[in-house]
Amino acid sequence: MNSIRLVVAVLVFVVLGAVLVFVNADNKHENTIENPVVLGLSASEDGRNEDALHWFEKAAEQGDMKGEYLLGEMYKKGQAVDRDDAKAIHWFTQSAQQGYAKAQYQLALLMENTDKENAKAKVIASWYLKAAKQGLGEAMFHLAALYADGVGVKQSDSQALNWVLQAEKKGVVEAAELRQSLIKNIKNKARLGDADAQYMLAMMYRDGKGVKSDAGESIRWMKEAAQHQRADAAFELGQMFDAGKGVAQDKAQALEWYLMAAKQGYTKAASMVGVMRVLGIGGIANPLDGQRWLQKAAEAGQADAMRNLGIVYTEGLAGHQDDAMGFYWLKKAAEADDTDAQNNLAVMMLLGRGSKGNHDAEAANWLKKASEKSMQAQFNLGLLYARGLGVVQQDQQAVTWLQKAEQQGNAHAAFILGVFYSLGRGVGQNNKVAVQWYDKAILAGDTAAKYNLAILYYQGEGIQRDYQKAANLLNTLAEQGDAEAQVLLASMYQEGLGVDANVAMAAQWYQNAAEQGNAAAQFNLGNFYRKGMGVPQDDKRAVGWYQQAAEQGNAAAQNALAYMYAQGRGIVQDKAKAEYWLNQAAPKLTNAKQNLASLKAGESNFSLLTLQVQPHMRLEILSSQDVDLSAWLEMVDKPHL
């Protein structure tokens, strides 16, 4: 019984194995016929046209576009079947509709050969075009011929030349002859006064397209075309003289040609004329005339003209500032995807110019769009993230955008990055790195960075103190009229820090800063006149400077002025006024509090400060206090092209 079971088991195993072998063999067979196109091509190469036909039919039935094309080829050539153009066209069409370039070309070619009356010329041209766009040289050549003759398409020597040159590059031998014929025809038309041919020939010589590049010939034919009322030719001449391409640069000539084109309604030219008139390029400035040309171009939909017109209005370049009109045109240009307009529009929104209500969030969105290309937008967006305007305040985002702006040379971005490192916001506090950013900002022309760097060297916090470097930086700023720099530099001359002590020089710098209304300078200068340091001793002048500083709330000056009243120096003695000024100073100055007690006690001893210097870095832009954003946000303030 067991042996029977064993035999049955063996038989089952053998049968199952045979089934598996059969299935495997069948799968392998299926894999070999999986791609009938491959099998058809193999059969065709071996001269087995009947087999090829079988496989191509199978592929075509499956909707394979290459199979459909190859089946069409067999009907076209009469291989293994009777030649049948109708069936060839059918299968070429099936393949062409799926985008197969060779089918598109062969379909057009076969239709062209059978369409003796040009009844289907437009369809034929469309199939050649589809194949040409896919890079098929033969299709390019035939399409060029159609454009040359105006069959199925509007006659165009330009399009014909364009396609025949591409065909020639693809190695189509016949293309050379057609190219030569086209060029000869274009030249003949140009000589006979055809403005279109003249313009085309000028462009051909300019670009070396089909002919050898020749700036002189290009200019000659461009002028001929322009004189025959080709506005685009006049515009091109303007461009050539404007940039000095092929001719000596001549802005006046450029303006003349732009003006000729603009008068014919060429909006790009009108925009150019507008900018040149506003800025006085190529002639005497005439902002009102420039504004009129920009208006024409803007109303015709020219985006750069809209932006430039907006700038003219917002900056008052034509003699009248109009934020509402500026806002209107900037928004039009911004919606037309003009980057500078998007940036300027955002700044207008943030400053509340030209519109009512809070538009901070909308402004942030415009800056995000513009920031892909605009350095100013990148900087402004960084500023918004730093201060939380229209966006959630994020120091790291601010640093990221400021770094992008700095990489394109934005000086203010480098300065604010220095401030971030000085404060340790969004980055680790590191004055050494701050110094590097301030140095970059200084190289790009930022004066605030120069002041902060001077303070770092003066105080020596996180870096090695260097009074001489501080003095050198401050001296540059002082000569430019920076009052705070003048005060600190004066104190360094007074104390001999980084420079040779020189009280006369100190007095001069205090004087310069005091005349600008700097209270610390006024107090220190008052001390100099009271003591006769660097200036002739003069109590009246001392009182005058103390008075000015005291009225600004300077406690040291209030204390000193009280002393002068108490002692009757440089002014009539008046203890009541002395007491008044000491009361003003006492809450802020210990010396004043002590002096007030002494005065009330009838004592004559007074404690005065000899020098007031409170150097502090310029960090306001990252503080919580209000700042004048118009001094920080960056706009494009001149029209440009």
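The values are calculated or read from the model by the stated rules, or taken from the named source; none is laboratory data. Everything numeric in this text was worked out from a predicted model, so none of it was measured. Cβ: placed from backbone, ideal geometry, glycine included. Neighbour counts: every protein chain shown. Accessible surface areas use protein heavy atoms only, side chains included; no ligands, DNA or RNA. Shrake-Rupley method; radii C 1.70, N 1.55, O 1.52, S 1.80 Å.
Annotation note: of Gln436, Gln397, Gln464, the sole residue that is within 28 Å of the chain's Cα centre (by Cα) and over 23 Å from Ser374 (Cα atoms) is Gln436. Screening the stretch 74-97 for residues that are basic (Lys, Arg) and in contact (Cβ under 8 Å) with a residue 12 or more places away in the chain and picking the one that is farthest from Gly63 (Cα to Cα) gives Lys76. Reported count of residues in the stretch 320-374, each being open to solvent by 10 Å² or more (accessible area, probe 1.4 Å) and among the hydrophobic types (A, V, I, L, M, F, W, C), is 9. Look at the stretch 333-346: where a residue is in contact (Cβ under 8 Å) with a residue 60 or more places away in the chain and a partner is open to solvent by less than 10 Å² (accessible area, probe 1.4 Å) and among the small types (Gly, Ala, Ser), sitting 6+ places away or on another chain with Cβ atoms under 6 Å, you get Asn343/Ala370; Asn343/Ser374; Asn343/Ala377. Counting the residues of the stretch 34-81 that are small (Gly, Ala, Ser), in contact with a helix residue (DSSP H, G or I) (Cβ under 8 Å, 6 or more places away or on another chain) and either part of a helix (DSSP H, G or I) or on the phi < 0 side of the Ramachandran plot (or both) gives 8.
Among all positions in the stretch 115-137, there is no residue which is open to solvent by 30 Å² or more (accessible area, probe 1.4 Å), among the acidic types (Asp, Glu) and assigned to a helix (DSSP H, G or I). Per the listing Val572, Val636, the residue uniquely surrounded by 15 or more Cβ atoms within 10 Å (Cβ to Cβ) and either not acidic (Asp, Glu) or not in a loop (DSSP other than H, G, I, E, B) (or both) is Val636. With respect to Lys184, is the statement that it is in contact with a Leu (Cβ under 7 Å, 6 or more places away or on another chain), farther than 22 Å from Ala131 by Cα, in a helix (DSSP H, G or I) and without any contact (Cβ under 8 Å) to a residue 24 or more places away in the chain true? No; evaluated as a whole, the condition is false for this residue.
So which of Glu515, Glu484, Glu479, Glu551 ends up being under 16 Å from Val613 (Cα atoms) and of a type in the set (Asp, Glu)? Exactly one of Glu515, Glu484, Glu479, Glu551 is under 16 Å from Val613 (Cα atoms) and of a type in the set (Asp, Glu), namely Glu484. Those residues that are over 27 Å from the mean Cα position of the chain (by Cα) and open to solvent by 30 Å² or more (accessible area, probe 1.4 Å), I need them from the stretch 250-270; list them, please. Across the stretch 250-270, the qualifying residues are Asp250, Ala252, Gln253, Glu256, Leu259, Met260, Lys263, Gln264, Gly265. Residue pairs whose Cβ atoms lie under 9 Å apart, separated by 6 or more positions or on different chains, with the first residue in the stretch 378-398 and under 10 Å from Ala413 (Cα atoms) and in contact (Cβ under 8 Å) with a residue 60 or more places away in the chain and the second part of a helix (DSSP H, G or I) and of a type in the set (Asp, Glu), are Phe379/Glu406.
So, in the stretch 235-249, of the ones that are of a type outside the set (A, V, I, L, M, F, W, C) and touching a residue at least 24 places away in the same chain (Cβ under 8 Å), which residue ends up surrounded by the most Cβ atoms within 10 Å (Cβ to Cβ)? Once the filter is applied, the top-ranked residue is Gly238.
Contact map, the stretch 136-165: residues that are free of Cβ contacts under 8 Å to residues at least 24 places away in the same chain and of a type in the set (Ser, Thr, Tyr) paired with residues that are crowded, with 20+ Cβ neighbours inside 10 Å and part of a helix (DSSP H, G or I), Cβ distance under 6 Å, separation 6+ or inter-chain. Pairs shown: Tyr147/Ala160; Ser156/Tyr147.
Scanning the stretch 293-319 for residues that are open to solvent by 40 Å² or more (accessible area, probe 1.4 Å) and assigned to a helix (DSSP H, G or I) yields Gln295, Lys296, Glu299, Glu315. Of the residues making up the stretch 93-114, those that are assigned to a helix (DSSP H, G or I) and over 14 Å from Ser126 (Cβ atoms) are Gln94, Ser95, Lys102, Gln106, Leu110, Asn113, Thr114.
Within the stretch 583-622, the set of residues being closer than 30 Å to Gln394 by Cβ and open to solvent by less than 40 Å² (accessible area, probe 1.4 Å) comprises Met617, Ile621, Leu622.
Screening Met505 against (1) buried (at least 16 other Cβ atoms within 10 Å of the Cβ); (2) under 19 Å from Gln614 (Cα atoms); (3) touching a Phe, Trp or Tyr at 6+ places or on another chain (Cβ under 9 Å); (4) not small (Gly, Ala, Ser) leaves a single unmet condition, (2).
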